[in-house]
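Since the structure comes first, as structure tokens, the remarks are kept for the end.
All of the numbers you see were taken from the coordinates with simple rules; none came from a lab. In this text the structure is predicted, and so the values were computed from the model without any measurement. Quick reminder, even Gly has a Cβ in these numbers, built from the backbone with ideal geometry, and neighbours come from all protein chains shown.
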Amino acid sequence: MRRKKLVTYSKYGYLFAIPFIVAFSIFTLYPIVYTLIIGFTNHAGIIPPKLAILEDPLENFKYLFKKTPSGKTSFFLRGLSNTARIWVINFIPQISLALILAAWFTDNRVKVRGQGFFKVVFYLPNIITAATIAILFRSLFGYPIGPINDLLKSLHIVKDPFFFLNKITPTRAIVEFIQFWQWYGSTMITLIAAVIGINPEIFEASEIDGANRMQKFFKITLPCIRPILLFTLVTSLIGGLSMFDIPMCLSAGGPQDSTMTVAIYIYNEAFSKPYKYNRAAAASVILFFIIIICSSILFYLLRDKDAAKLQKLKKAELKKARLEAKGA
Amino acid sequence: MANNEMAPMRSKTKDSILFKTMIYIVCVLLAVLSIFPFWVMMMNSTRSTAQIMAHAVGVVPGKDLMNNINILKKLKTFDAMTGLKNSFIISAGVTILSIYFSSLTSYAIFAYEWKLKKIFFAMVMGIMMVPGTCTLIGFYRACYQYHLTNNKLMLILPSIAAPMTVFFLKQYLEGALSLEIVESARIDGAGEFRTFNTIVLPIMKPALATQAIFTFVGSWNNLFLPLVILNDKKNYTMPIMVKLLNGDIYKTEFGCVYLGLTMTALPLIVIYLLLSKYIITGIALGSVKG
């Protein structure tokens, strides 16, 4: 009797998951497989020829890494290094500032007022369309007339207007700044939630033991929020590796391809002459594997240490408790 | 003796006042940094190009808003009404489909025991990691095979399978719904599908609201996929319209560009300020559980 019941209900599990499975197969699974296949084929041009595997199936993949005729690093590799560079330079200050702010906002001795307001304001840039922000910054850093140049001139920092978006380092710096500026608020809110989730007794105990702010931060807060740090790191990495909107709208990947990310490279290969869908597909496949490898490494590195550290902390606590019991 | 004891105390409070002041200074500076670009954008949208050329930083509003609106209308490339309409249709469609079907899917995982459930859930977790960039080419070519090129449906229908939302809602169900309620509905003779619609969905309301906000905003702000899929001006979404403000005809119309930007940002700012409470808790919730 009972068994029969279970069987009839399990049917509904499948039934309710069907829409997801169907939509997933049509719009995600099939495109993934199709992208992988296209990478090995002759699929290119406005009206691509019939799909056929290339004589050298790896031709598209090889092209991605081959030096350009003039002996420069390939566009794909340059895109990859630009992406990595922009992500790293935005992420280090982003996570640092978010950590500092999270530590301040959760410090029960200081009690910062207006936290609600600050959270709302810091998160504001994240909610606005990235394309809008990129064009806005393009206007703000305009040359010869733009608000930033105006400010710099009136502060007598520069004499003549500075053409930011015509030079490699300033343009990269602007992209990195926008990324940082859009995301530190979100990271901060995430980390605050994590810090609040730490058992307050740990902090109280450390305060009784006379731990100062720095010690509390490095010895308790950081180890305890390791899983959330991992989460932030992975999501930020995946987002960073597929960065498109900001460099595309700000400078179209320029100047001299210095802000050309992998996503922009894929877009340009596929949707401008000569419409090399196969090369773009090959690049997507490599990006896909890079993301998988990077997140696996991160998971591996952080998860093991985390468990070990927690165990150590627990042991230390036990020891302390025992010693205290003895002392009493 | 008393003095000796007081001295370190006093220096400690002094220290903490200094520390507090530093925190407030940093926070206020960051707040200014967050608001300043948008403030300049809004002020400049009400100033004429000549005024902006004289002083590019506008702190107070000017009087040329109507004038800028007229120029923007005349140039025609940036068509805010079409952009808003398309963005709204797509984002609303995406939100409705993804919310309804994600709750259905998460309920299937939560409430029933079925053989392939574990594999299915692992798959959901796996796809969560794959960004759209990686599947773009196949997706674009698939549009041709489905005969849905330049069609908004290609942006709306895929949201039936939204792994992130499924994952979040499943976590929520685990905390909010006890299977006893479902059992008692069964005893009362309600069908499974009816139980889901009349009992489970209402219980999920708070989580659905949070997810709806994030899904809507995410879809509204998306540039990459619409840019690839939609190539007819009639179908352009707001972010694509914004990208057009980059064009040559706007090179000399500063006020007009700022106005276009304001028109895309202002609705989001207003909605954000109204819903900020839910959004901020939403981020915190999603992260701790995810």
With an 8 Å Cα cut-off and a minimum separation of 6 or more residues, compute the relative contact order for chain B in percent. 30
Using a ≥ b ≥ c from the Cα gyration tensor of region B:60-107 (square roots of the eigenvalues), is it rounded, prolate or oblate, where a/c under 1.5 gives rounded and otherwise the larger of a/b and b/c decides, a/b for prolate? prolate
What residues from region B:139-183 fall in the zone where the backbone N is under 11 Å from a label point 7 Å along the Cα-to-C-beta line of B:MET128? B:163-172
Excluding residues on the same chain fewer than 8 positions from B:LYS73, give the lysines whose Cα lies under 23 Å from its Cα. B:LYS63, B:LYS85, B:LYS233, B:LYS234, B:LYS243, B:LYS251
Calculate the FRET efficiency for B:ASN151 and B:ASN197 from the Cβ-Cβ distance with a Förster distance of 22 Å, rounded to the nearest 0.05. 0.15
What pairs from B:LYS152/B:LYS205; A:LYS119/A:LYS153; A:LYS111/A:LYS314; A:LYS72/A:LYS273; A:LYS314/B:LYS14; B:LYS117/B:LYS277 go past 25 Å between their alpha carbons? B:LYS152/B:LYS205; A:LYS119/A:LYS153; A:LYS111/A:LYS314; A:LYS314/B:LYS14; B:LYS117/B:LYS277
May I ask you to list, by number, the DSSP H helices of chain A whose Cα span along the axis is at least 20 Å and whose average Kyte-Doolittle hydropathy reaches 0.0 or more? A:2-24, A:75-106, A:168-196, A:226-241, A:277-327
Take peptide B:154-161, look around each residue's Cβ out to 10 angstrom, count Cβ atoms belonging to other protein chains, and average those counts. 4
Per DSSP helix of 4 or more residues, -39500 (n - 2.57); summed, then divided by the residues of chain A. What does that give at 222 nm, rounded to the nearest 500? -23000 deg cm²/dmol
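Roughly how crowded by other chains is peptide A:278-291, in terms of the mean Cβ count from those chains within 10 Å of each of its Cβ atoms? Intermediate results must be reported in sequence, preceding the final value.
Working: counts 1, 1, 3, 7, 1, 3, 8, 2, 1, 3, 6, 1, 1, 5.
Partner Cβ neighbours, averaged per residue: 3.
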Exposure proxy check on A:ARG322, A:ARG226, A:ARG279: fewest-to-most Cβ neighbours within 10 Å is A:ARG322, A:ARG226, A:ARG279
Membrane-span-like helices (DSSP H runs, Cα span along own axis at least 20 Å, mean Kyte-Doolittle at least -0.5) in chain B -> B:2-44, B:80-111, B:205-221, B:254-289
Of B:LEU84, B:GLY58, B:TYR107, farthest towards positive along the dipole that unit charges on Lys, Arg, Asp, Glu beta carbons give the protein assembly as shown: B:TYR107
Extension gain from A:LYS219 to A:ILE198, taking 0.36 nm per residue of separation minus the Cα-Cα distance: 6.3 nm
Rounded FRET efficiency, nearest 0.05, which uses the C-beta distance separating A:PHE177 from B:TYR24 and R0 of 22 Å: 0.40
Can you pull the Kirkwood radius for chain A, inverse mean 1/r over Cα pairs, to one decimal in Å? 24.1
With the crude spin-label approximation of a point 7 Å out along Cα→Cβ, what separation in nm comes out for A:LYS320 versus B:ILE119? 4.9
For A:THR41, residues with placed amide H under 5 Å, excluding near neighbours: A:LEU54
Rounded to the nearest 20 debye, dipole of chain A from Cβ charges on Lys, Arg, Asp, Glu: 1040
Test of understanding: ordering B:GLU253, A:GLU55 by Cβ neighbours within 10 Å, fewest first, what list do you get? A:GLU55, B:GLU253
Can you tell me the relative contact order of region B:139-290? Whole percent, Cα pairs under 8 Å, sequence separation 6 or more. 30
